[in-house]
Amino acid sequence: MRVFVTGAIGFVGRWLKEELVDNGHEVVAAPGPDELDIADRAGLMRWLGDSVGAPDAVVHLAGMAFAPDAGKDPGEAFRVNVGGTVALFEALREMGIRPPVLVSCSADVYGAPRPEDLPLSEGAPLDPNSSYALSKAAQEGVAAEAAALHGFQVIVTRSFNHTGPGQRPVFVVPAMAQRVMAVKRGQATSIAAGNVDVRRDLTDVRDVVVAYRLLLEAAVRGALPSRCTVVNVASGEAVTVRHVIERLSALAGVTPVIEIDESLVRTNDPVEIRGDATLIRQLVGWKPRIPLEQTLVDMLAVS
């Protein structure tokens, strides 16, 4: 299949391109934000029109992906995450093409879950409690409208935490990997961290993009059960940040002190976030295959 990908130069986009090409698909990558404003419908139409042949499927990854960035600039978060999704569907509609579209959303839309609600299924109530989460919930609404009113086959992925080689060190796992390697190189003796005892559902990005590919292939085959399919992409297991630091340290052969930095502590951080991956297993047979240990080894190698 011929897959058009927005956000193709980003962390997930780079791994998705490789996954699609390795499985025999053609990828048409959208230009980065320096060349194409994702909220510019006319610009999107030019990009779609300049490509030879219509897409068999579209993956929409472009937007603001780091929650603190959205907190600092909510207007921009809504402009790109919501406005960019509107612009993409309107561009496709005006051009008269309706390929299946996978919209990469976030498990942040569930908010801070109660322990009794875990693991979170797709039927769990939404309670977005940040600018980022609100923008992603609104993005879901745009995708659902495109399916209901304009006949698009839509997949909305509520992806839980994922990491891997190439992720920006503003995210917790690559940040911890860099700090562990600083200790290994003799540049530090301790590691600054925030909420080390919170538990998070953590998946390797290379498994996440397999999920996206399988969902796209199912959509193109007409094998998904509804016009708008909302699906968790999750491991179903949770680990503490402390465990991640300890495993990174052991793999690097160092024993640093973990120092709590109050500037990194989030007072409203939920104790645990964990997803129910039953639906995606039923739909496409996906489950994560890369163990956390391997993810951490690979991240240390590039830190």
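How far is it, in nm, from the label point at Arg98 to the one at Leu36 when both lie 7 Å from their Cα along the line to the Cβ?
Going from the Arg98 label point to the Leu36 one covers 2.3 nm.
Run a plain Debye calculation on the range 122-166 (Cα atoms as equal point scatterers, no solvent) and give log10 I(q)/I(0) at q = 0.19 Å⁻¹, rounded to two decimals, same order as the q list.
-0.74
Tell me, what % of the accessible area of the range 176-303 is carbon and sulfur with a 1.4 angstrom probe? Spell out each step's value before the answer.
On the way: 2910 of 6130 Å².
In the range 176-303, the share of accessible area belonging to carbon and sulfur is 48 percent.
Who wins for biggest fluctuation among Gly49, Gly275, Gly111 in a Gaussian network model of the chain, springs between alpha carbons below 10 Å?
Maximum among the listed residues: Gly49.
In Å², and per residue, what accessible area does the chain have when probed at 1.4 Å with the other protein chains present? Mind showing how you got there, number by number?
Values: 13270 Å² over 303 residues.
I get 44 Å² per residue for the chain.
Quick one: net charge around Gly7, please, counting Lys, Arg +1 and Asp, Glu -1 for every other residue with C-beta under 12 Å from its C-beta. Before the final figure, lay out the partial values.
Values: positive: Arg14, Lys17; negative: none.
Computed value for this residue: +2.
Run through the range 224-267 and list the trypsin sites (Lys or Arg not before Pro) located in a DSSP loop whose Cβ has at most 15 other Cβ atoms within 10 Å.
Working: sites: Arg227, Arg242, Arg247, Arg266; in loops: Arg227, Arg266.
Sparse-neighbourhood loop trypsin sites (Lys or Arg not before Pro): Arg227, Arg266.
Looking at the calculated P(r) for the range 263-303, what percent of the C-alpha pair distances fall above 14 Å? Don't jump to the answer; show the numbers that get you there.
Numbers: 578 of 820 pairs.
Summing the P(r) tail past 14 Å for the range 263-303 gives 70 percent.
Quick one: what does P(r) look like for the chain with 10 Å bins over all Cα pairs, in whole %?
Each 10 Å bin holds this share of Cα pairs: 6, 27, 35, 22, 8, 1.
Taking amide H positions as placed 1.01 Å from N in the peptide plane, with prolines and chain starts having none, which residues 5 or more places from Ser130, or on another chain, fall under 5 Å of its amide H?
none
How large is the dipole of the range 186-243 about the Cα centre if only Lys and Arg carry +1 and Asp and Glu carry -1, each at its Cβ, rounded to the nearest 20 debye? Working shown, then result.
Values: 7 positive and 6 negative charges, 34 e Å.
Dipole about the Cα centre, nearest 20: 160 debye.
Report the residues of the range 140-178 in range of a label on Asn129: point 7 Å along Cα→C-beta, backbone N strictly under 19 Å from it.
Once the point is set 7 Å along Cα→Cβ of Asn129, 159-161 turn out to lie under 19 Å by backbone N, inside the range 140-178.
Give the relative contact order (percent, whole number) for the range 77-163; include only Cα pairs under 8 Å separated by 6+ residues.
Numbers: 101 pairs, mean separation 37.9, N = 87.
In percent, rounded to a whole number, it is 44.
I need to check one value: relative contact order of the chain, counting alpha carbon pairs closer than 8 Å and at least 6 residues apart, in percent. List each step's numbers first, then the result.
Working: 581 pairs, mean separation 59.4, N = 303.
Relative contact order comes out at 20 percent.
If the label point is 7 Å along Cα→Cβ of Arg221, which residues in the range 280-294 have backbone nitrogen under 12 Å from it?
Zone members listed by number: 283-286.
With r defined as the distance between the Cβ atoms of Thr267 and Met45 and R0 fixed at 35 Å, what FRET efficiency is calculated, to the nearest 0.05?
Numbers: r = 45 Å, r/R0 = 1.28.
Given R0 = 35 Å and the Cβ-Cβ separation, E is 0.20.
With unit charges on the beta carbons (Lys and Arg positive, Asp and Glu negative) and the dipole taken about the Cα centre of the chain, which residue among Leu61, Cys105, His25 sits farthest to the positive side?
Comparing the listed Cα positions along the dipole, His25 ranks first.
How much mean residue ellipticity at 222 nm does the chain get from its helices, if each DSSP H run of length 4 or more adds -39500 (n - 2.57) and you divide by all residues, to the nearest 500 deg cm²/dmol? Please report the intermediate quantities before stating the final value.
Values: 11 runs with 123 residues, N = 303.
It lands at -12500 deg cm²/dmol.
The values are calculated or read from the model by the stated rules, or taken from the named source; none is laboratory data. Because the structure is predicted, anything quoted here is derived from the model rather than measured. For neighbour counting, all protein chains shown are included, and Cβ atoms are generated from backbone atoms with ideal geometry for every residue, glycine included. To get the accessible areas, we keep the full protein, side chains included, count just its heavy atoms, and leave off ligands, DNA and RNA. Shrake-Rupley method; radii C 1.70, N 1.55, O 1.52, S 1.80 Å.
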